[in-house]
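Participant: Have a look at this one before I ask anything.
Bear in mind these aren't lab numbers, they're just calculated from the coordinates by the rules spelled out. Small disclaimer: the values here were computed from a predicted structure and weren't measured. Cβ placement follows ideal geometry from the backbone for every residue including glycine, while neighbour counts extend to all protein chains displayed.
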Amino acid sequence: MEYRWRISDQPDEHAVQELARSLNQPDSIARILVSRGISRYEDAKQFFRPSLSDLHDPFMMRDMVRAVERVMEAIKSGAHIRVYGDYDVDGTTSTSMLFLFLKEAEANVSYYIPDRFTEGYGLSIAGVDAAHRAGVKLLITVDCGTTAVTQVAHARTLGMDVIVCDHHEPDKEIPATTALLNPIQPGCDYPFKYLSGCGVAFKLMQGLAQKLGIEEDRVLHYLDFVAVAAAADIVSLVGENRILVTYGLQLLNGDTRPGFRALLDVAGIEHGKVQTSTVVFGIAPRINAAGRIGDAVRAVRLLICDEPGEAYTLAQELETDNRSRRALDEETFGIAQRLIEETLDRGNDRVIVLHHGEWHPGVIGIVASRVVEKYYLPAVMLTTVEGAAKGSARSIPGFDIHSALRRCESMMINFGGHKYAAGLSLAPENVPAFRKALNEVAREMITPEMLIPEISADTTVNVQEINTEFVNTLKQFAPYGPQNMKPVFYVSGAEIVGTPRIVGNNHLKFRVRQMNGNIPTSQKTVVDAIGFGLGAKYPLLKNGRREFELLAAVEENTYLGKTSPQFLIKDLR
C-alpha cells in the first residue's frame, strides 16, 4: 500500500529552543513535546513524572455529590445495589472493579452483564426486569446508560434509583437518573473529558472513599482495571488518563491480581513487561472473547477471582474462546471480501455496508476493522439478530462515523458509539436505502485526500543524534495511545550501509547512516533498521541508489545480550 507522508506542523522554534535548553535535550525531543502542548519545564516535568497528586477532585464532576450520597445511603441501609456493565473490556473491567470496591465497603452488591445476542449493548429492559426480580433498589450502570432514556424510566417505575457512570456521547434527551456521571454531558465542568467508562467509575470510587474515610491507597489498588480499560478502549492517553494508566501498568507489572496474572500467562506475555500494546493485543482480545463467543459474565468471574488456580482455569476457557473467535474472524472476513469484490463501486462508494444474515454477531466488529484496514474505507458490518440487522461501524481517520450515522438516524432502530466506532441496528429491508443514504453523507464528508492512508512524522531527526540517551528519553514518552502516540521521525539523506536482506516473514533489515554533513565517515553513527512486512521494498534498496528518506520510530533492541538503538521503519522511498 502506498502512503501519503506528512510531517506535522512544526511549533514555534523559540519555544523549542527554550525547552531544549531547560531540559538539556536535543531539539527534536523538545519539538515533539512542544507540538504536544508541553512548552514549559514544569509541563515537561509533569509529563515525564506523572503524579497521582495531579488527579482531579472527583466532586468537580456533575452529579457526583448526588451519586456519592445515594450510594452511601444504600450501603448504610443494606439495600441491594447492582452494578450493570457491558460485555466488552471497558464494561467488564468497570463492573469487576466497582463490584469489588463496594463489596470491600461492605455493601450488599451484585453485578450483571447483558447478553450480547439477546439483549444487545447497554441497559436493557430485560436487565432492568431481572434487577427488579432480584430486589435491587439501586442500579449503577458502568460504560453504558447515557442514552438509556426508556430503560431508566422503566427502572424508576419499578422503584429503582439509577446512577449512570459512562463516557459515551449523549443524545438530545438525557435519561431521568438519580445521577448521571459523564464528563462529556452538557453542563459538566469536569476538566478532563476523555476518561474511559472504567475511569468514570473510578472517580465515583474516589468520591466514595473520601466520604467513607477509606484510605486512598485502597482505592488506588484498583488502577490496574483502569489501565486495561483505557488501553483497550483506545481513549486519549494524555492528562488524567496518562496518570491513571501509568500507575495501573505498574500494578500489572507488579504483584497483580490472579485474574490478570492468569491472562498474561495464557497469552504468553512476560511478567513485568506489560505495556499498552500488550493490553491491546494480548489481554483485551481474551477478555472480549468471553462475550463474543459465549457468556461475558465469565470475564467478570475471572477478574474478581482471588484464587490463582480457579483464575487460570477461567483464563484457559477464554483462551479457547479466543482461538474459536479467530477462526470465525477468518471465515467472516473471507465472505466479506468476496461480497466487496462483487459489489464495491470504487469510483462512487465512500462507505462499505455489508449485510449477511449468518454472520456471528460476536466478531463482525473485529472484521469491520479488518475491512477498513484492507480497503481503507469506512465499513458497516451487519448480521441478523431476532429479525433486525445489527452490527458495527468502523471508520478511517478524519471521518466521524457517529455524526454520519446521526444524519441517517430516521432509518435505524438505534445506534450509539464514538467518532471512529459505533453500533447500530435497523430493519433488514432498510439496509439498501441505508447504504445509499450513508454513502451520500460520506461523499459530503470525505475528501479524496482522506482516502489515501497517511503516515505522519512528528519531526525530523539526524541519524547522528540516535544514541542510548536519546532512546532512554523516548521511552519516557510511554504509555502510548491516542494523542500521545509513539514518536515517528522523518530522516532525509539516509545512506544504506552494507547489504540489506529479507529476514523472518518478509521483514526488511538493513543499516543506515547520515550522508550529508562534515563528519568523517569513520565517525558517523550507524543505526540498525528493520521494516516489518516491508519485504516488497527490497528491490528499491538494491537498485544502486544511495540516498533514501525514511519514516521511522526509534526503539531499543536487544540481541545476544547487547542492547542498542534501532529504527523501526514505517515506510521508505
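Participant: How long is the gain from GLU215 to GLU549 if the chain were fully straight, where each residue apart is worth 0.36 nm and the alpha carbon distance is subtracted?
Facilitator: 114.8 nm
Participant: For a quick check of your reading of the filter: which chymotrypsin sites (Phe, Trp or Tyr not before Pro) in the stretch 199-283 sit in a DSSP loop and have no more than 14 other Cβ atoms within 10 Å?
Facilitator: Passing both the DSSP loop test and the Cβ count: no residue.
Participant: Ranked by Cβ crowding within 10 angstrom, fewest neighbours first, how are THR177, THR384, THR459 ordered?
Facilitator: Numbers: THR177 24, THR384 16, THR459 21.
Listed from fewest to most nearby Cβ atoms, that is THR384, THR459, THR177.
Participant: Kindly work out what percent of the DSSP beta bridges joining two residues of the stretch 325-424 are antiparallel, to the nearest 5. Before the final figure, lay out each step's value.
Facilitator: Working: 14 of 18 bridges.
If I count the DSSP bridges inside the stretch 325-424, around 80 percent turn out antiparallel.
Participant: Compute the helix-to-body angle for 223-232: its Cα long axis versus the longest principal axis of the chain, expressed 0 to 90° and rounded to tens.
Facilitator: 70 degrees
Participant: Using Cβ contacts closer than 10 Å as the measure, can you line up TRP5, TRP359 from fewest to most? Don't jump to the answer; show the numbers that get you there.
Facilitator: On the way: TRP5 14, TRP359 22.
Sorted ascending by nearby Cβ count, the order is TRP5, TRP359.
Participant: Can you give the helix-only mean residue ellipticity at 222 nm for the chain, where every DSSP H stretch with n ≥ 4 adds -39500 (n - 2.57) and the sum goes over all residues, rounded to the nearest 500 deg cm²/dmol?
Facilitator: Helix-only estimate at 222 nm: -12000 deg cm²/dmol.
Participant: Note the full-extension length gain between GLU454 and THR343 as 0.36 nm times their separation in residues minus their Cα-Cα distance, in nm to one decimal.
Facilitator: Extending this stretch completely gives an extra 37.4 nm.
Participant: Assuming R0 = 25 Å, what is the FRET efficiency of SER410 and ALA153, from their Cβ-Cβ distance, to the nearest 0.05?
Facilitator: So the FRET efficiency works out to roughly 0.65.
Participant: Kindly provide log₁₀ I(q)/I(0) values, in the same order as q = 0.17, 0.19, 0.26, 0.27 Å⁻¹, from the Debye equation applied to equal alpha-carbon scatterers of the stretch 132-196.
Facilitator: Debye output, listed in q order: -0.56, -0.68, -1.11, -1.17.
Participant: A follow-up question, please. Name the shape class, rounded, prolate or oblate, that the alpha-carbon gyration tensor gives for the stretch 58-214, where a ≥ b ≥ c are the square roots of its eigenvalues, rounded holds for a/c under 1.5, and otherwise prolate holds if a/b is larger than b/c and oblate otherwise. Display every interim value, and only then the final one.
Facilitator: Details: a/c = 1.37, a/b = 1.06, b/c = 1.29.
Note, shape of the stretch 58-214 comes out rounded.
Participant: Return the loop-located trypsin sites (Lys or Arg not before Pro) in the stretch 277-353 (DSSP other than H, G, I, E, B) with at most 15 other Cβ atoms within 10 Å of their own Cβ; answer none if there are none.
Facilitator: Answer in residue order: ARG346.
Participant: Of all the stretches in the chain, which is the longest one without any exposed loop site, taking GluC sites (Glu not before Pro) in a DSSP loop (any state but H, G, I, E, B) with at most 13 other Cβ atoms within 10 Å?
Facilitator: Working: sites that count: GLU2, GLU106, GLU173, GLU215, GLU270, GLU358, GLU386.
Here the longest segment lacking exposed loop sites spans 387-573.
Participant: Now a separate question. Give a quick list of chymotrypsin sites (Phe, Trp or Tyr not before Pro) in the stretch 465-565 that DSSP marks as loop, anything other than H, G, I, E or B, with at most 11 other Cβ atoms within 10 Å.
Facilitator: Passing both the DSSP loop test and the Cβ count: no residue.
Participant: With angles folded into 0 to 90 degrees, how steeply does helix 308-343 sit against the dominant principal axis of the chain? Use alpha carbons for both and round to 10.
Facilitator: Rounded to the nearest ten degrees, it is 70.
Participant: Give me, ordered by chain and number, the residues 5 or more places off VAL554 or on other chains with an amide H under 5 Å from its own placed amide H.
Facilitator: LEU568
Participant: Express in nm, to one decimal, how much length is gained between TYR41 and GLU373 on full extension, taking 0.36 nm for each residue of separation and deducting their alpha carbon distance. All intermediate terms of the calculation are to be shown ahead of the outcome.
Facilitator: Working: separation 332, 0.36 × 332 = 119.52 nm, distance 3.92 nm.
Working it through step by step, the gained length comes to 115.6 nm.
Participant: By DSSP, what percent of the beta bridges with both residues in the chain are antiparallel, rounded to the nearest 5?
Facilitator: 60 percent
Participant: I would also like to ask the following. Give the calculated FRET efficiency between GLU358 and GLU13 to the nearest 0.05, with a Förster radius of 56 Å applied to their Cβ-Cβ distance.
Facilitator: Efficiency computed from Cβ-Cβ geometry: 0.45.
Participant: I would also like to ask the following. Give me the lysines in straight-line cross-link reach of LYS211: C-alpha distance below 27 Å, same-chain residues under 8 apart excluded.
Facilitator: LYS76, LYS103, LYS137, LYS193, LYS203
Participant: Just round it to a whole percent: the fraction of Cα-Cα distances in the stretch 188-322 exceeding 17 Å.
Facilitator: Here the long-distance tail beyond 17 Å is 59 percent of all Cα pairs in the stretch 188-322.
Participant: Tilt of helix 431-445 relative to the longest C-alpha principal axis of the chain, in degrees (0 to 90, nearest 10)?
Facilitator: The answer is roughly 50 degrees.
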